[in-house]
Amino acid sequence: MAGARTDLQGQRPDHQHDPHLPSGGRGYGWSLDDGHRRRSLPVAPHLPGQLPFFSAPPGAGHNPAALPEQLQVGSIRQNTSPGPHCTQVFHMRLPIRAVTPKTEFAEIIGWVHEVRDLGGLSFFLIRDRTGIIQVTIPKKKVPAEVLDTARNVSRESVVRVRGRVKAIEKAPGGREIVPEELDIISIAESPLPLDVAEKVPAEMDTRIDSRFLDVRKPRVRAIFFIRSMVTCAAMEFLASRGCINITTPKIVAAATEGGTELFPIAYFEKEAFMNQSPQLYKQMMMAAGFEAVFEIGPIFRAEEHNTIRHLNEATSLDVEVSFADHNDVMDLLEDLIVHVYGCVRETCADQIAELGVDLTVPAKPFPRIPYTEAIDIANRAVEEKLSFGDDLSPAAERAIGDVIGQHYFIVDWPTDIRPYYAMPYPDRPEFCKAFDLMHPRMELSSGAQRIHDHDLLVARIRAKGLSPESFEFYLRTFRYGMPPHAGWGLGIERLVMTMLDLSNIREAVLFPRDRHRLMP
RNA sequence: GCCCAGGUAGUGUAGUGGCCUAUCAUGACGGCCUGUCACGCCGUCGACACGGAUUCGAAUUCCGUCCUGGGCGCCA
């Protein structure tokens with residue numbers, strides 16, 4: 001490992017700082033093992049259990065006790081566990097956000113966000129995922145090595161800065177570091193494939209080509225921090241409601257539901273497909289007696305669509321609950337949406353501010369509009385009139401969304417345009433207990449009470465022109481005691497997209513898979 | 001699958017037959033500058049997707065290829 005040392009670090013006398021790696025057994029080369037540094041560093045910047053950058057800012061009135069009861073589930077909101085966003089897992093350096101005007105001395109590691117050279121004075125903005133800090137270099141006052149390194153550093157290089165913190169009104173965050181040491185840990189090539197400082201915009205295509213750089217932008221990173229909170233909050237919420245977290249196969253034998261196109265793959269000597277939905281498997285877990293399950297996982301659709309709201313690989317949050325009907329699971333879905341919005345609002349204030357969105361928690365209950373009424377509303381607004389049995393066009397969805405102006409359900413769909421497993425109303429079988437959850441912009445989720453009667457299910461499969469034989473692995477679970485059940489599937493990307501008012505669904509996924517893109 | 005729009009320095013753009021060895025911004029490089037915060041100023045560098053055609057002359061028109069964006073369809 002010692003041989004790996006490069007001349008970038010050559011001038012540094014302190015061997016314990018070798019950034020090249022975890023020297024054997026003791027963890028990180030940067031661990032705070034030097035007596036002097038231990039003394040000079042501020043008191044532990046990480047309060048136990050604190051989420052350094054997800055916690056609400058001081059004075060923001062973070063008071064879980066004041067929240068409506070339905071929002072007070074679990075620990076994420078209350079910051080009692082480190083959680084997935086905690087920066088304090090490693091102690092190689094101080095997270096930039098933890099450097100305050102009161103900090104005396106700090107060592108930070110981050111990316112060079114911007115450089116402004118004023119001649120005798122130059123400013124470096126150093127960024128990590130917690131924030132940005134200004135490093136000020138008065139050329140006549142810093143060591144010659146620092147000056148030398150500062151001359152050679154390029155934007156987006158990773159640098160280590162160690163120095164005294166000064167409280168300066170004029171500096172961003174009211175503080176800056178004057179370096180005693182400055183090392184280039186990893187030099188960035190130039191020019192950059194896109195401008196991380198966001199002075200010049202980049203097209204989505206360029207951005208995805210260099211997604212690792214694109215997500216360095218604080219604005220883009222904020223989307224994914226929030227997405228993380230969305231899924232964490234949803235999981236926590238569902239667990240609190242007694243749902244069991246399951247995973248189901250993504251490689252399946254047959255086109256199980258008809259309808260959407262599947263991606264074929266080679267599975268040894270057999271043909272197989274990428275699964276379009278966990279639907280059949282989560283229903284099978286009702287037969288297994290799990291009573292309530294959820295899964296967050298990928299789904300694959302081989303449709304050649306080319307729109308800002310479709311992906312060929314998406315993330316679905318699927319829920320299935322026994323001894324429940326469509327109304328019960330709509331209530332659950334509504335509660336989940338409100339909970340997730342609430343969690344994001346409470347814990348991601350910085351990210352919301354970064355994105356400049358107005359994130360209001362939707363009010364319960366969401367209106368439940370029968371399909372026939374939805375058609376009427378749409379027909380008052382759109383040119384292309386819909387008739388009974390038509391699915392809603394994107395224009396119709398938007399027209400209804402404009403009228404309703406908030407999240408809403410469309411209920412009581414014609415049985416013919418819903419999947420075979422949707423439960424028809426016994427007294428009017430042309431309608432079924434299916435629903436869609438709509439955001440004013442688009443569909444977020446669809447679900448239904450399912451058919452739990454074997455023979456009725458077989459009849460419905462036949463009526464759809466499908467063959468019950470190819471569903472035997474599924475149908476047999478209905479012959480040994482299948483409870484009544486209901487459930488839904490929710491598109492995570494669409495949830496994030498509508499929550500943050502993103503113009504393109506690709507913004508809500510790190511590495512989108514669409515009609516043309518397979519890399520990176 | 002159908003339709004529409006597009007491809008110009010690393011990035012984002014202007015440019016609809018000669019005014020273009022191509023505009024502006026950002027960037028990189030060099031120089032000046034001690035409180036910037038999209039720092040400022042001076043200078044330099046860097047591009048017309050590919051192939052063919054029309055024309056005295058093509059970034060610009062036409063044809064083909066490749067690539068891209070979007071709408072619709074499709075999408076429980």
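Each reported figure results from applying straightforward, stated rules to the coordinates on display, with no laboratory input. Note that this is a predicted model, so its numbers are computed, not measured. Positions of Cβ are generated from backbone atoms using ideal geometry, with glycine treated the same way; all protein chains shown enter the neighbour counts.
Consider the range A:287-304 and keep the residues that are touching a Leu at 6+ places or on another chain (Cβ under 9 Å) and in a loop (DSSP other than H, G, I, E, B). The one that is farthest from A:Glu236 (Cα to Cα) is A:Ala302.
For (1) within 13 Å of RNA strand B (Cβ to nearest atom); (2) within 28 Å of A:Ile296 (Cβ to Cβ); (3) touching a helix residue (DSSP H, G or I) at 6+ places or on another chain (Cβ under 8 Å); (4) in contact (Cβ under 8 Å) with a residue 40 or more places away in the chain, each residue gets a yes or a no:
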{"site": "A:Met442", "(1), (2), (3), (4)": "yes, yes, yes, yes"}
{"site": "A:Gly447", "(1), (2), (3), (4)": "yes, yes, yes, yes"}
{"site": "A:Asp455", "(1), (2), (3), (4)": "no, no, no, no"}
{"site": "A:Leu475", "(1), (2), (3), (4)": "no, yes, yes, no"}
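Residue count for the range A:277-312, restricted to those that are polar (S, T, N, Q), more than 6 Å from RNA strand B (Cβ to nearest atom) and surrounded by fewer than 22 Cβ atoms within 10 Å (Cβ to Cβ): 1.
Specify the residue that is nearest to the chain's Cα centre (by Cα); the eligible residues are those in the range A:416-432 that are more than 12 Å from RNA strand B (Cβ to nearest atom) and not hydrophobic (A, V, I, L, M, F, W, C). Across the range A:416-432, the extreme among qualifying residues is A:Pro424.
For the range A:189-211, does any single residue satisfy the condition of being surrounded by 20 or more Cβ atoms within 10 Å (Cβ to Cβ), touching a Lys or Arg at 6+ places or on another chain (Cβ under 6 Å) and in a loop (DSSP other than H, G, I, E, B)? Yes, some residue in the range A:189-211 is surrounded by 20 or more Cβ atoms within 10 Å (Cβ to Cβ), touching a Lys or Arg at 6+ places or on another chain (Cβ under 6 Å) and in a loop (DSSP other than H, G, I, E, B). Being within 24 Å of A:Phe224 (Cα to Cα), among the small types (Gly, Ala, Ser) and assigned to a loop (DSSP other than H, G, I, E, B) holds for only one residue in A:Ser503, A:Ser445, and it is A:Ser503.
In the set (1) near RNA strand B (Cβ under 10 Å from one of its atoms); (2) touching a residue at least 60 places away in the same chain (Cβ under 8 Å); (3) more than 30 Å from A:Tyr480 (Cα to Cα), the condition left unmet by A:Met229 is number (1). Among the residues of the range A:326-378, those identified as free of Cβ contacts under 8 Å to residues at least 60 places away in the same chain, small (Gly, Ala, Ser) and in a helix (DSSP H, G or I) are A:Ala353, A:Ala374, A:Ala378.
Residues that are exposed (fewer than 14 other Cβ atoms within 10 Å of the Cβ) and either among the hydrophobic types (A, V, I, L, M, F, W, C) or within 10 Å of RNA strand B (Cβ to nearest atom) (or both) within the range A:137-166 comprise A:Pro138, A:Lys140, A:Lys141, A:Ala144, A:Arg151, A:Asn152, listed in sequence order.
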